[in-house]
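Participant: This is the structure I have questions about; it appears just below.
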Amino acid sequence: MGIIDKLNKDFESRVRLGIMSVLMVNDWVDFTEMKALLNITDGNLASHSSALEKAAYIEVKKEFVGKKPKTSYQVTDLGRAAFKEHLSYLEKLMKS
Amino acid sequence: MNQKHQEDLAHIRSMMERSSRFISLSGLSGVFAGLSALIGGIYVYQLFKASGMDYLNDEHRLYSANLVSELFWIGITILVFAFAFGIFFTIRKSRKYNLPIWTSATKKMLFNLGVPLLAGGVFSLAMMYHGYFGLVAPSTLIFYGLAVINAEKYTFSDIKYLGFSELILGCIALFNIGYGLIFWIIGFGILHIVYGLVMFKKYK
């Protein structure tokens, strides 16, 4: 199996890479801030974050602040490990 | 393929950076804050002159209550101007690069900057209250330096050099009481302008 095949398919999209990068260096990040940081639409963020949630790479928290719903994200241990692995493969690829 | 991976890595690095640090701070904020302090400082120097004191040569200066309150309000005015310039250029830069402003990194930066600054403000007011006017300039420099060093984790890390310079200058000023205004103009005026210009060139 070549090194390219080891790259995590879940991180193929730029948006997912962005979500993971932000969560690697921050605690809970809410929907609005994530959207502004990545510069993407509501729908785009919702679909990619739920894909990452399904893979158990991120944890999604939904709560009410006053009457407004608020969604926040946090990386899981599994997600952290998977992303680190992905990063080191990317770096290895760059070197070879 | 290689191109894509390289772009992926660059994207990861940039997302980590812009989500964890307040990078909308413009070098121009520093330049204009420095100019405000410089103009304010020169105005104070003239004020001393007008009230019959040659700042550089008089060993013993008498501060009338009037003069003290005037100095206080000049200080506040400079602060307001410097702060307004800071906000203006920050908003301008973040619009230009499409960066969000009010993020958790911004809040952390302001908190870490604000706590030592607030304590320093109270400390300086207390010294004015007790009549230790000569120590006010050195301690504003020292507390400001500490505040900047403390906020370094959440913005451009080069800012720590500004913080250390202010801190060292403040410590030197502590042993040169009577030249507070000069140290103050160097610290808040000239250092800010130099730092601002360097940052403006570097992160343009």
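The values are calculated or read from the model by the stated rules, or taken from the named source; none is laboratory data. Predicted, not measured: the structure shown is a model, and the values here were computed from it. Positions of Cβ are generated from backbone atoms using ideal geometry, with glycine treated the same way; all protein chains shown enter the neighbour counts. Quick note on the areas: whole protein, heavy atoms, side chains included, nothing else; ligands and nucleic acids left out. Shrake-Rupley method; radii C 1.70, N 1.55, O 1.52, S 1.80 Å.
Participant: Of A:LYS68, A:LYS62, A:LYS84, which residue is within 14 Å of chain B (Cβ to nearest Cβ), among the charged types (D, E, K, R) and surrounded by fewer than 18 Cβ atoms within 10 Å (Cβ to Cβ)?
Facilitator: Working: A:LYS68 fails: within 14 Å of chain B (Cβ to nearest Cβ); A:LYS62 fails: within 14 Å of chain B (Cβ to nearest Cβ).
None of the others qualify; the one that does is A:LYS84.
Participant: When you scan segment A:57-96, how many residues do you find that are outside any helix (DSSP H, G or I) and either of a type in the set (S, T, N, Q) or free of Cβ contacts under 8 Å to residues at least 40 places away in the same chain (or both)?
Facilitator: As a first pass, look at segment A:57-96 and keep what is outside any helix (DSSP H, G or I): A:57-76, A:96.
Of the ones still in play, those that are also either of a type in the set (S, T, N, Q) or free of Cβ contacts under 8 Å to residues at least 40 places away in the same chain (or both) are A:58-69, A:71-72, A:74, A:76, A:96.
So the count comes out to 17.
Participant: Moving to a separate point now. Only one of these conditions is not met by B:TYR154: (1) over 30 Å from B:SER64 (Cα atoms); (2) out of contact with any strand residue (DSSP E or B) (no Cβ under 7 Å at 6 or more places or on another chain); (3) open to solvent by 40 Å² or more (accessible area, probe 1.4 Å). Which number is it?
Facilitator: (2)
Participant: Another question about this same structure. Output yes when any residue across segment A:45-55 is away from chain B (no Cβ under 13 Å) and on the phi > 0 side of the Ramachandran plot, and no when none is.
Facilitator: Filtering segment A:45-55 for residues away from chain B (no Cβ under 13 Å) gives A:45-55.
Then drop every residue that is not on the phi > 0 side of the Ramachandran plot, which leaves none.
Scanning segment A:45-55 turns up no residue that is away from chain B (no Cβ under 13 Å) and on the phi > 0 side of the Ramachandran plot.
Participant: State the number of residues belonging to segment B:14-32 that are closer than 13 Å to B:ALA84 by Cα and either within 14 Å of another protein chain (Cβ to nearest Cβ) or open to solvent by 50 Å² or more (accessible area, probe 1.4 Å) (or both).
Facilitator: 1
Participant: Going by what's in this entry, would B:ALA151 be described as under 20 Å from B:VAL194 (Cβ atoms) and small (Gly, Ala, Ser)? Before you say what the answer is, go through the steps one by one.
Facilitator: Working: under 20 Å from B:VAL194 (Cβ atoms): yes; small (Gly, Ala, Ser): yes.
In short, yes.
Participant: Tally the residues that are of a type in the set (A, V, I, L, M) and either open to solvent by 30 Å² or more (accessible area, probe 1.4 Å) or in contact with a Cys (Cβ under 7 Å, 6 or more places away or on another chain) (or both), restricting the search to segment A:72-81. Quick ask: steps written out before the conclusion?
Facilitator: Step one: list which residues in segment A:72-81 are of a type in the set (A, V, I, L, M), which gives A:75, A:78, A:81.
Still in the list and also either open to solvent by 30 Å² or more (accessible area, probe 1.4 Å) or in contact with a Cys (Cβ under 7 Å, 6 or more places away or on another chain) (or both): A:78, A:81.
Residues that pass the stated criteria total 2.
Participant: May I ask you to list pairs of residues, at least six apart or on different chains, whose Cβ atoms are under 7 Å apart, with the first in segment A:34-56 being over 14 Å from A:SER21 (Cβ atoms) and the second being open to solvent by 50 Å² or more (accessible area, probe 1.4 Å) and among the aliphatic types (A, V, I, L, M)?
Facilitator: Sorted first by the residue in segment A:34-56, then by its partner, the pairs are A:ALA56/A:LEU78.
Participant: I want to confirm something. Restricting to segment A:14-42 and keeping residues that are open to solvent by 60 Å² or more (accessible area, probe 1.4 Å) and either of a type in the set (S, T, N, Q) or closer than 13 Å to A:ILE58 by Cα (or both), which single residue is nearest to the other protein chains (Cβ to nearest Cβ)?
Facilitator: Only one residue tops the list, namely A:ASN39.
Participant: Another question about this same structure. Could you say whether any residue in segment B:38-61 is of a type outside the set (Val, Ile, Thr), in contact with a Ser or Thr (Cβ under 6 Å, 6 or more places away or on another chain), under 20 Å from B:VAL148 (Cα atoms) and more than 12 Å from every other protein chain (Cβ to nearest Cβ)?
Facilitator: From segment B:38-61, those of a type outside the set (Val, Ile, Thr) are B:38, B:40-41, B:43, B:45-61; that's our starting set.
Cutting the leftovers down to in contact with a Ser or Thr (Cβ under 6 Å, 6 or more places away or on another chain) gives us none.
No, segment B:38-61 contains no residue that is of a type outside the set (Val, Ile, Thr), in contact with a Ser or Thr (Cβ under 6 Å, 6 or more places away or on another chain), under 20 Å from B:VAL148 (Cα atoms) and more than 12 Å from every other protein chain (Cβ to nearest Cβ).
Participant: I'd like the full set of residues that are touching a helix residue (DSSP H, G or I) at 6+ places or on another chain (Cβ under 8 Å) and either within 13 Å of B:ASN150 (Cα to Cα) or open to solvent by 90 Å² or more (accessible area, probe 1.4 Å) (or both), limited to segment B:111-130.
Facilitator: Across segment B:111-130, the qualifying residues are B:ASN112, B:LEU113, B:GLY114, B:VAL115, B:PRO116, B:LEU117, B:PHE123.
Participant: So which residues in segment A:43-56 are touching a strand residue (DSSP E or B) at 6+ places or on another chain (Cβ under 9 Å), of a type outside the set (S, T, N, Q) and open to solvent by 30 Å² or more (accessible area, probe 1.4 Å)?
Facilitator: Start the filter on segment A:43-56 by keeping residues that are touching a strand residue (DSSP E or B) at 6+ places or on another chain (Cβ under 9 Å), which leaves A:46, A:49-50, A:52-53.
Now restrict to residues that are of a type outside the set (S, T, N, Q): A:46, A:52-53.
Hits for segment A:43-56 are A:ALA46, A:GLU53.
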